[in-house]
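The next block holds one structure in the form of structure tokens; read it before the comments.
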Amino acid sequence: MNQFTWIGIVLILLGIAFVLVSILGRFFTFEGIPNWLIFVYSSDNFYFATSPILILISMIVLIFKCLTN
């Protein structure tokens, strides 16, 4: 497998991890975790978890891939 495939697999696994964190966010509070590591938004019955680090890594990989073609 090439390098881009491995990056894709890692990003998919990170995405699955953050989906699980959002599900766990319904039952546990993540007050001790800094916002730059994970951000959980909850409103009524809606939960959304993301990571600014994951977004930044995705943007860097996308820009790098676009510039190298």
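The values are calculated or read from the model by the stated rules, or taken from the named source; none is laboratory data. These numbers come from a predicted model, not from an experiment. Because the Cβ atoms are built from the backbone with ideal geometry, glycine has one as well, and the counts that use them run over all protein chains shown. Note: areas computed on protein heavy atoms with side chains; ligands, DNA, RNA excluded. Shrake-Rupley method; radii C 1.70, N 1.55, O 1.52, S 1.80 Å.
Data overview
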| quantity | calculated |
| --- | --- |
| Residues of region 20-50 classified as within 19 Å of VAL10 (Cα to Cα), touching a strand residue (DSSP E or B) at 6+ places or on another chain (Cβ under 7 Å) and part of a loop (DSSP other than H, G, I, E, B), total | 1 |
| Region 21-53, residues that are in contact (Cβ under 8 Å) with a residue 24 or more places away in the chain and open to solvent by less than 70 Å² (accessible area, probe 1.4 Å) | VAL21, SER22, GLY25, TYR47, ALA49, THR50, SER51 |
| Where SER58 falls short, out of the listed (1) outside any helix (DSSP H, G or I); (2) surrounded by 13 or more Cβ atoms within 10 Å (Cβ to Cβ) | (1) |
| Selection status of ILE12, without any contact (Cβ under 8 Å) to a residue 12 or more places away in the chain, surrounded by 10 or more Cβ atoms within 10 Å (Cβ to Cβ), part of a helix (DSSP H, G or I) and not polar (S, T, N, Q) | yes |
| Subset tally (residues that are of a type outside the set (A, V, I, L, M) and within 15 Å of ILE60 (Cβ to Cβ)) for region 7-20 | 1 |
